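Just so it is clear, none of the values below were taken in a lab; they were calculated from the coordinates. The model shown is predicted, which means the values in this text are computed figures rather than measured ones. Virtual Cβ from ideal backbone geometry, glycine too; neighbours counted across all protein chains shown.
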Amino acid sequence: MARTIKEFLENEVTGGILLIVATILALIFSNTSLSPLYHSFLKMPVIIRVGALNLHAPLYHWVNDGLMVIFFLSVGLEIKKEILEGQLSSLKQVTLPGLAAVAGMATPAIIYFLFNHNHPDAIHGWAIPTATDIAFALGVLALLGKRIPDSLKIFLMALAIIDDLGAIVVIALFYTSNLSMTALTVAGIAVFCLILLNLFGVAKKTAYFIVGTVLWLSVIRSGVHATLAGVVLAFTIPLNAKDKNNNPVSPLKEIEHGLAFWITALILPLFAFVNAGVNITQISMKQMIGTVPLGILLGLFIGKQAGVFGFSWVAIKLKLAELPKGSSWSQFYGVSVLTGIGFTMSLFIASLAFKDPEMFHHTEKLAILLASLFSGVTGYLILKFTKKPSSATH
């Protein structure tokens, strides 16, 4: 029974359902008499003391800067595994999703820029509509079952992984504050130690977690966003190693599998709950047609599908890549629409872009939720009513 429940909670569909439930609960709490309780929960003080180090912040920040580090650790592990032995391990495999991912990030950013280039505060949100939520997008595909060829699922997964890698680079380059050289030095030493552990073939996961914790604490104080510590840690964990009995083991796969349950059942739903609480009653239609929400809404719903489908079509027609085997153009378009589901990553980038959550009256969050809803429903309907191709040749 325990194994069945665990497998259920690690399923893509379940992950999407839990995110939806958490979002609905957040909206209920923030739009009813429960609103004071909800905001008190977000502001609950949490203190961590390690010797002379004293870290204190509201629960909201610990979810975004603490628990999301674990999520980014999982993302980093997935990226490394796919690069070494998966869907990103060869040029042929990476060409189409790579081009689609880059275009799918650039087009929404351009749309947002066109709306907000004259606003010095709003322009910081240019990266919000560039991300795809892999859990939601794959969850929608999973709902369609065998109607969707595996090649399209693989394409979407590879695109989302490259998209996540792009988001990591964007966060590292554009969403950092004043840097502390002392903290960066400590972080650099921690990274050096992690590399040594990898080079010497250390298989004990505990060793990586101990040094990784030091890395995380130093990155928190450095000015670089803490979630990047999770990615760096992931890239140093070996895919293949040998235990003390000289038996082959995979620390990377073991950690990834061990984290799957907690990320699906706790971390992402909790993140959605603390970030999706928008008081809709306080947002007017006039505010929703402002440049920030329009830039996000059109960037995600129009920009993502235009970038992914448009550039893929050009690449395939120029014979730089091939249409995923066994799929049709209409199915490929439906999957392209699904990439407009930004949700988790878009909400996360929004929390970095706008330090004052009240700056745009939470219209940026509502725009993300609406764009993700439109993309998910539209993509699902297109794929649901598209006939399966009669042959694999197109």
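Given an 8 Å cut-off on Cα distances and at least 6 residues of separation, report the relative contact order of the stretch 223-293 as a percent. Each step should come with its number before you reach the end.
Working: 22 pairs, mean separation 10.9, N = 71.
With pairs under 8 Å counted, the relative contact order is 15 percent.
Rounded to a whole number, what is D in µm²/s for the stretch 161-252 from Stokes-Einstein with the Kirkwood radius over alpha-carbon pairs (25 °C, 0.890 mPa s)? Working shown, then result.
Values: Rh = 14.0 Å.
Diffusion coefficient, whole number: 176 µm²/s.
Take the stretch 243-394, compute every pairwise Cα distance, and split them into 5 Å bins from 0; I just need the percent in each bin.
Whole-percent P(r) values from 0 Å outward: 2, 8, 13, 14, 13, 12, 13, 10, 7, 4, 2, 1, 0, 0.
Please state the equivalent ellipsoid semi-axes for the chain: what are the square roots of 5 times the Cα gyration tensor eigenvalues, largest first, in whole Å? All intermediate terms of the calculation are to be shown ahead of the outcome.
Values: eigenvalues 196, 167, 84 Å².
So the equivalent ellipsoid measures 31, 29, 20 Å along its semi-axes.
Return the subset of LYS205/LYS304; LYS205/LYS355; LYS304/LYS387; LYS81/LYS365; LYS146/LYS365 for which the Cα-Cα distance in this structure is over 30 Å, preserving the input order. Provide the component values of the computation, followed by the final result.
Numbers: LYS205/LYS304 38 Å; LYS205/LYS355 35 Å; LYS304/LYS387 24 Å; LYS81/LYS365 32 Å; LYS146/LYS365 33 Å.
Exceeds cut-off: LYS205/LYS304; LYS205/LYS355; LYS81/LYS365; LYS146/LYS365.
What does the charge count near ALA371 come to, summing +1 for each Lys or Arg and -1 for each Asp or Glu among other residues with Cβ under 13 Å from its Cβ?
On the way: positive: LYS304, LYS365; negative: ASP133, GLU364.
In short, 0.
Rounded to the nearest 20 Debye, what is the dipole magnitude of the stretch 110-166 about its Cα centre when Lys and Arg each give +1 and Asp and Glu each give -1 at the C-beta?
Numbers: 3 positive and 5 negative charges, 66 e Å.
With Lys and Arg at +1 and Asp and Glu at -1, about 320 debye.
Add +1 for every Lys or Arg and -1 for every Asp or Glu among the other residues with Cβ under 12 Å from the Cβ of ASP356, and state the total.
Taking every Cβ under 12 Å from that of ASP356, the sum is -2.
Among ALA187, GLY340, THR281, flag the residue with its Cα farthest along the positive direction of the charge dipole of the chain, charges on Cβ as +1 for Lys/Arg and -1 for Asp/Glu.
Sorting the options by dipole projection puts first GLY340.
Hey, if you put +1 on the Cβ of every Lys and Arg and -1 on every Asp and Glu Cβ in the chain, which of ILE83, ILE148, TYR38 ends up farthest toward the positive end of that dipole?
ILE148
Quick one: 3J(HN,Hα) in Hz for the stretch 81-98, Karplus 6.51/-1.76/1.60 with θ = phi - 60°, rounded, Gly and Pro as x.
Result, rounded to whole Hz: 4, 5, 5, 7, 8, x, 6, 10, 8, 9, 4, 4, 5, 8, 4, 5, x, x.
What does the charge dipole of the chain about its Cα centre add up to, to the nearest 20 debye, if the Cβ of each Lys and Arg holds +1 and the Cβ of each Asp and Glu holds -1? The partial results should precede the final answer.
Details: 26 positive and 19 negative charges, 135 e Å.
In debye, rounded to 20, the chain gives about 640.
Can you check what the Kirkwood hydrodynamic radius comes to for the stretch 71-116, Cα pairs only, in Å to one decimal?
Working: mean 1/r = 0.0818 Å⁻¹.
Across the stretch 71-116, the inverse of the average 1/r is 12.2 Å.
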